[in-house]
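Worksheet: the structure to be examined is printed underneath.
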Amino acid sequence: MRVSVIGCAILVLFTVLIIGKAEIYIVTVEGEPIISYKGGIDGFEATAVESDEKIDTTSETVTSYAHHLEKKHDMLLEMLFEIGTYNKLYSYQHLLNGFAVHISPEQAETLRRTPSVKSVERDWKVRRLTTHTPQFLGLPTGVWPTGGGFDKAGEDIVIGFVDSGIYPHHPSFATHNTEPYGPVPKYRGKCEVDPDTKKDFCNGKIVGAQHFAKAAIAAGQFNPSIDFASPMDGDGHGSHTAAIAAGNNGIPVRMHGYEFGKASGMAPRARIAVYKALYRIFGGYVADVVAAIDQAVYDGVDILSLSVGPNSPPATTKTTYLNPFDATLLSAVKAGVFVAQAAGNGGPFPKTLVSYSPWIVSIAAAIDDRRYKNHLTLGNGKILAGIGLSPATPPHQSYTLVAANDVLLDSSAMKYSPSDCQKPEVLNKKLVQGNILLCGYSFNFVIGSASIKKVSETAKSLGAIGFVLAVENVSPGTKFDPVPVGIPGVLITDVSKSMDLIDYYNTSTPRDWTGRVKSFNANGSVGNGLMPILHKSAPQVALFSARGPNIKDFNFQDADLLKPDILAPGSLIWAAWSPNGTDEANYVGEGFAMISGTSMAAPHIAGIAALVKQKHPHWSPAAIKSTLMTTSTTLDRAGMPLQAQQYSETEAMKLVTATPFDYGSGHVNPRAALDPGLIFDAGYEDYLGFLCTTPGIDAHEIKNYTNLPCNYTMVHPWNLNTPSITVAHLVGTQTVTRTATNVAEEETYVITTRMAPAIAIEASPPAMTLRAGASRKFSITLTVRSVTGTYSFGEILMKGSRGHKVRIPVVAMGYQR
């Protein structure tokens, strides 16, 4: 069986700069850049191309002129300022002649007064992105201070990542700007040596790094030139997930001259242990993944973050809980390891989970409160909404619109799908330069053979002021994510708005009898898409996030166990990337990425679990799972019930009221999770009892995986002491028991219940007092009132006299006797 990476829906990336206390300025100077230099300087031939060819950036002419420009930039700075008082970050030579420099405001003023300087613009910040999820979750103010601040958050907790490896040179994993890391005696994982550099992958922050590829090699799938026979990340996914959970705090995320905030992991001081078992093209094999999990547990990780899941059900195992993943993870939990696993990306359809078992925390993906809107204003006054993380065209000015199909160098270019704007060499630069290039969003973008990044590069290389990408027809449910680009650009996703654009363009563009354009009279301007709009309706369950109900076997029979368990941010998450990752055109060679998937949600929970483990080092995996679930929220930031993205009858997207099959217990609330009041604990024997009482599971199969006979029973699987209750087949009346343990001071809890009308619910006793450390049983009675053929949802709320609130979701479907 093969394994796929869960998560990489749409990806966008960018490089990173380390910034000190001074400001960054973008400076342009006198003299032509490469793209427009027509000669005139002794010793340097013209680099501008008259015949609209693509510039050969490797030619001696271009490289020598580029070197000349860079030398002039350096000479200017050296003439004005003392060495060491400034830091030149970039020289720009191709499309503009200038540089980015890190200097004081006073030095900037000196530059402004220098005759050869054309402009000095302070680099400007926009609202944070990944950077944003720690704030959205309340970590800097509500959680990190209790653990000693971000510089202690997750200290000495080791998170193991079974993923695509790590790019160890990324600033998110660097140690030169942090307090020195001491040894972690409990962790005994090894560090492989990079076969190319002969250096190992560890640095104190990264404490272990190994790769597992024997099954992949045996299958003939492993290609060492791109897959790397080392823990090196050949994809980007592994670096991204590690940074979400445990990346350093305050790492500047920059692209195209804009800072998008400072990236941080959930537990910035936690250690990272890498177990590479996933590869770029083929995913991975369960044999390698299981070996990785096995090694991780042996090495002594505290937490396992798994953004992987099976491509298809196993050939022999019928029981979901005893597939090789889940069975191996049962042993991991037995060893005290907390396991966070992505729930899957098969949503919004029911029964699409790939994470099934009660000993695993299965994590659904939420959209947080950032939305990226942009717009195109047409010359006729119409404003067309779209998306696009881009700067605006210069204000108070309109620019001519030119469609790619109308600026072909010759008609034979039609075979290259020129409207995709992927090949600048087939378009006429003279007609594009200074204008807005109109392109069409074809199926090539959906399958990945065309990219928005390439549209931006095409437009830039042709001298366009910006671009518009119009979606003229769309597959139902197609998801459009904003892609950061360096020039003004907007993606018009609404087909009716694209039609408005096309109608305006056609009526404003006179043609001769052959269809050739006589004059381009349509014009417009692109808005500023850099600033996110913050929505109070967040969080919402993402469309792609896998949904319940959970299944107990691969005949898809409903389980008496709620999944997913919890909801965490998983849409448009910015974090570290590996520049080796080349399998998706929008993020080739970049240092950061903004991607979506339950892959991104899982490490959020892994990192938050590290914070809980740091505060409560002796808690079991079930106790940590319990505190995350019982303190989660089912309300959005506006105080309204959580909503879920879903398909409407026309297969457009709509929002519906979410249920526990969408979000489990609710959206994670890290602040509350550090002090839950009560926990619902469980151990290996309890999980064995759950397996032994689940109808249809063969006792021999259980013994094969656990080496234990079924001597332990809990009468019904729904009596497993989890912080959720699910009775998939409720007939008449059933009583469910739970045992709560007080992890705070003595407190009295009043128990109230709420349920949809088809099922009656009652708690006994209605109140109970627990001393510190004490455990008490209580029971919940469910009775069928009416048979509706659908699930009913409800909750148990336990309110403590000291202010603790504990919430347990209840799910049941009633049947006739």
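The values are calculated or read from the model by the stated rules, or taken from the named source; none is laboratory data. Remember, predicted model here, so these are calculated numbers, not experimental data. Cβ atoms come from the backbone with ideal geometry, glycine included; neighbour counts cover every protein chain shown. Remember, those area values only see protein heavy atoms, side chains included, never the ligands or the DNA or RNA. Shrake-Rupley method; radii C 1.70, N 1.55, O 1.52, S 1.80 Å.
With each pseudo-label sitting 7 Å past Cα toward Cβ, what's the ASP74-ARG671 distance in nm, one decimal?
5.1
Once you keep just the Cα pairs under 8 angstrom separated by 6 or more residues, what percentage relative contact order results for the chain?
14
Only Cα pairs under 8 Å and at least 6 apart count here; give the relative contact order of segment 371-513 as a rounded whole percent. It would help to have the intermediate numbers written out before the result.
Working: 252 pairs, mean separation 40.8, N = 143.
Normalised by residue count, the contact order of segment 371-513 is 29 percent.
Under 14 Å from the Cβ of TYR187, count the other residues' Cβ atoms, weight Lys and Arg +1, Asp and Glu -1, and hand me the total.
Combined, the nearby Lys, Arg, Asp and Glu give +2.
Expected output is a single nm value to one decimal: the length gained when fully extending between THR85 and LYS615, i.e. 0.36 nm times separation in residues minus the C-alpha distance. What is it?
Values: separation 530, 0.36 × 530 = 190.80 nm, distance 4.34 nm.
This chain segment gains 186.5 nm when fully extended.
Going by average Cβ density within 10 Å per residue, which order do the peptides 345-352, 687-694, 558-565, 72-79 take, highest to lowest?
Numbers: 345-352: 18.5, 687-694: 21.8, 558-565: 26.9, 72-79: 15.1.
Highest mean packing first, the order is 558-565, 687-694, 345-352, 72-79.
Taking only protein heavy atoms into account and a 1.4 Å probe, give the accessible area per residue of the chain in Å². Don't skip to the end; give the middle numbers.
Values: 32020 Å² over 817 residues.
Normalised by residue count, the accessible surface of the chain is 39 Å².
Need the full-extension length gain, ARG637 to SER496, defined as separation in residues times 0.36 nm minus the C-alpha distance. One decimal, nm.
Details: separation 141, 0.36 × 141 = 50.76 nm, distance 3.18 nm.
Taking ARG637 through SER496 to full extension adds about 47.6 nm, to one decimal.
Tell me the label only: which of (1) 44, 28, 23; (2) 51, 30, 25; (3) 46, 35, 26 is semi-axes √(5λ) of the Cα gyration tensor in Å as calculated from this structure?
The listed entry that was calculated here is (2).
Please find the FRET efficiency linking GLU425 to SER764, where r is the Cβ-Cβ separation and R0 is fixed at 60 Å, and quote it to the nearest 0.05.
Working: r = 77 Å, r/R0 = 1.28.
According to the calculation, E is roughly 0.20.
What's the extension gain from VAL446 to PHE349 if we count 0.36 nm per residue and subtract their Cα-Cα distance?
Details: separation 97, 0.36 × 97 = 34.92 nm, distance 2.05 nm.
Net length gain for the segment: 32.9 nm.
Given the DSSP H assignment, sum -39500 (n - 2.57) over each helix run of at least 4 residues in the chain and divide by its residue total; what's the result at 222 nm in deg cm²/dmol, nearest 500?
Details: 19 runs with 168 residues, N = 817.
-6000 deg cm²/dmol, from helical runs alone.
Tally Lys/Arg at +1 and Asp/Glu at -1 over every other residue whose Cβ is under 13 Å from the Cβ of GLY591; what's the total?
On the way: positive: ARG254; negative: ASP233, GLU590.
My count for the surroundings of GLY591 gives -1.
Any chance you could get the radius of gyration and Dmax over the Cα atoms of segment 356-480, in Å?
For segment 356-480, the Cα radius of gyration and maximum Cα-Cα distance read 18.0, 64 Å.
By the scheme Lys and Arg +1, Asp and Glu -1, what is the net charge of all other residues having a beta-carbon under 13 Å from that of ASN203?
Numbers: positive: LYS199, LYS205, ARG271; negative: ASP194, ASP200.
Local charge sum for ASN203: +1.
Find the eigenvalues of the gyration tensor of the Cα atoms of segment 479-626, then list the square roots of 5 times those eigenvalues as equivalent ellipsoid semi-axes, largest first, in whole angstrom. Intermediate values should be presented prior to the final figure.
On the way: eigenvalues 432, 88, 47 Å².
Its equivalent ellipsoid spans semi-axes of 46, 21, 15 Å.
So which aspartates and glutamates can LYS152 reach, going by Cα to Cα under 15 Å and dropping same-chain residues fewer than 8 places off?
Partners found: GLU179.
Can you compute the modelled spin-label distance between ILE281 and VAL731, with each label point 7 Å from Cα toward Cβ, in nm?
Once both label points are built, they end up 5.4 nm from each other.
Greater than 31 Å separation of Cα atoms is the criterion. Which listed pairs, LYS198/LYS453; LYS190/LYS625; LYS276/LYS373; LYS190/LYS613; LYS423/LYS518, meet it?
Numbers: LYS198/LYS453 35 Å; LYS190/LYS625 29 Å; LYS276/LYS373 37 Å; LYS190/LYS613 23 Å; LYS423/LYS518 24 Å.
Correct reply: LYS198/LYS453; LYS276/LYS373.
Could you work out the relative contact order of segment 655-791? I mean the mean sequence separation of Cα pairs under 8 Å and 6+ apart, divided by the number of residues, in percent.
Normalised by residue count, the contact order of segment 655-791 is 22 percent.
What is the distance in Å between the Cα centroid of segment 214-243 and that of segment 422-492?
Going from one Cα centre to the other spans 31 Å.
If you plug each phi of segment 284-294 into the Karplus form 6.51 cos²θ - 1.76 cosθ + 1.60 with θ = phi - 60°, what whole-Hz ³J(HN,Hα) values come out, in order, with x for Gly and Pro?
Rounded to whole hertz, the list is x, 10, 4, 4, 5, 5, 5, 4, 5, 4, 4.
Percent of accessible area on the chain owned by carbon and sulfur, 1.4 Å probe?
Taking all protein chains in place, the chain shows 52 percent carbon and sulfur surface.
With a/c under 1.5 counting as rounded, go ahead and sort segment 623-691 into rounded, prolate or oblate using the C-alpha gyration tensor (a ≥ b ≥ c being the square roots of the eigenvalues; past the cut-off, prolate if a/b is larger than b/c, else oblate). Before the final figure, lay out the partial values.
On the way: a/c = 4.54, a/b = 1.65, b/c = 2.75.
The shape class here is oblate.
Hey, which of these cross-link pairs are over 24 Å Cα-Cα: LYS430/LYS454; LYS351/LYS615; LYS334/LYS805; LYS71/LYS118?
Values: LYS430/LYS454 20 Å; LYS351/LYS615 35 Å; LYS334/LYS805 29 Å; LYS71/LYS118 17 Å.
Beyond 24 Å between Cα atoms: LYS351/LYS615; LYS334/LYS805.
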